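Here's the structure, in structure tokens; my notes come after.
The values are calculated or read from the model by the stated rules, or taken from the named source; none is laboratory data. Worth saying up front: this structure is predicted, and the values here are computed from it rather than measured. Cβ coordinates were reconstructed from backbone atoms using ideal geometry, including for glycine residues, and neighbour counts include every protein chain displayed.
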Amino acid sequence: AQSVTQLGSHVSVSEGALVLLRCNYSSSVPPYLFWYVQYPNQGLQLLLKYTSAATLVKGINGFEAEFKKSETSFHLTKPSAHMSDAAEYFCAVSSPLGGYNKLIFGAGTRLAVHP
Amino acid sequence: GAGVSQSPSNKVTEKGKDVELRCDPISGHTALYWYRQSLGQGLEFLIYFQGNSAPDKSGLPSDRFSAERTGGSVSTLTIQRTQQEDSAVYLCASSLDRVNTDTQYFGPGTRLTVL
């Protein structure tokens, strides 16, 4: 069975500081991995996805994530936080088996950015 | 172009009543997904449609929940005899095809409150 663990339900950083949101997965086969962002009262927006190509994935808004098989991790980073990055972030996994991507989500990390 | 739309945006109902939630996917998207987002359970997969058929209904929590899709487009999620634990945000997503690397695009959700 697949699962996702996001360490830290709340993360707070200063504007301009490094953002690091942690995601670890459990899967019997190398999975596909996704990061989504949710702004208040909005749906989910894809930030980036890993689908077994390059292990370092660049996404929108300056975010990137690195797939590390040995650590079963897919942490999300951004070198310099902006106030507009305040939102909830979800890591998700899907299996390359079965032919469709039913997403299994982590519990989410709420990012706060303060001046 | 237009994104995924859902209606209503908010629904308040009394315990025991039936409700219908509607999803209009992006035009041309053959795959459609329903998820539920609640405080206690996080983001959960409910059901997946490929065209008008639903090969995976494994996430529907009980037989009070059903969904259909017509014309390979609009989908309706029906909850019969609503219970307070059904209160949640119901999110719909669509993707271009069943290929499991295709990006899922999410609608803004329907917030259901059962009194």
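Things to note:
- Counted residues, the stretch A:1-53 - those being in a loop (DSSP other than H, G, I, E, B), touching a strand residue (DSSP E or B) at 6+ places or on another chain (Cβ under 6 Å), surrounded by fewer than 18 Cβ atoms within 10 Å (Cβ to Cβ) and at pLDDT 95 or above: 2
- Considering residues of the stretch A:101-115 that are surrounded by 20 or more Cβ atoms within 10 Å (Cβ to Cβ) and more than 11 Å from the chain's Cα centre (by Cα) only, the residue modelled with the lowest pLDDT: A:Asn101
- Among the residues making up the stretch B:45-70, those that are away from chain A (no Cβ under 14 Å), part of a strand (DSSP E or B) and not aliphatic (A, V, I, L, M) are B:Phe65, B:Ser66, B:Glu68, B:Arg69.
- Filtered by the rule that a residue be in a strand (DSSP E or B) and farther than 19 Å from A:Ser27 by Cα, the stretch A:54-75 gives A:Leu56, A:Val57, A:Lys58, A:Glu64.
- The set of residues in the stretch A:41-60 being more than 10 Å from every other protein chain (Cβ to nearest Cβ) and more than 13 Å from the chain's Cα centre (by Cα) consists of A:Ala54, A:Thr55.
- Pick from the stretch B:30-65, criterion touching a residue at least 60 places away in the same chain (Cβ under 8 Å) and touching a Ser or Thr at 6+ places or on another chain (Cβ under 9 Å), ranking: nearest to A:Val4 (Cα to Cα): B:Tyr33
- Scanning the stretch A:68-98 for residues that are within 14 Å of chain B (Cβ to nearest Cβ) and either acidic (Asp, Glu) or in contact with a strand residue (DSSP E or B) (Cβ under 9 Å, 6 or more places away or on another chain) (or both) yields A:Ala87, A:Glu88, A:Tyr89, A:Phe90, A:Cys91, A:Ala92, A:Val93, A:Ser94, A:Ser95, A:Pro96, A:Gly98.
- Scan of the stretch B:1-30 for residues that are part of a strand (DSSP E or B), touching a Leu at 6+ places or on another chain (Cβ under 7 Å) and among the basic types (Lys, Arg), ordered by number: B:Lys11
- Which numbered condition A:Gly16 misses (of (1) over 29 Å from B:Asp97 (Cβ atoms); (2) small (Gly, Ala, Ser); (3) within 14 Å of chain B (Cβ to nearest Cβ)): (3)
- Leading residue by the ranking (surrounded by the most Cβ atoms within 10 Å (Cβ to Cβ)) among those in the stretch B:71-115 that are among the β-branched types (Val, Ile, Thr), in a strand (DSSP E or B) and more than 14 Å from chain A (Cβ to nearest Cβ): B:Ile79
- Test: residue in the stretch A:101-108 that is of a type in the set (A, V, I, L, M, F, W, C), without any contact (Cβ under 8 Å) to a residue 40 or more places away in the chain, in a loop (DSSP other than H, G, I, E, B) and within 14 Å of chain B (Cβ to nearest Cβ): no
- Selected residue (criterion: farthest from the other protein chains (Cβ to nearest Cβ)) from residues of the stretch B:31-44 that are more than 9 Å from the chain's Cα centre (by Cα) and assigned to a strand (DSSP E or B): B:Ser38
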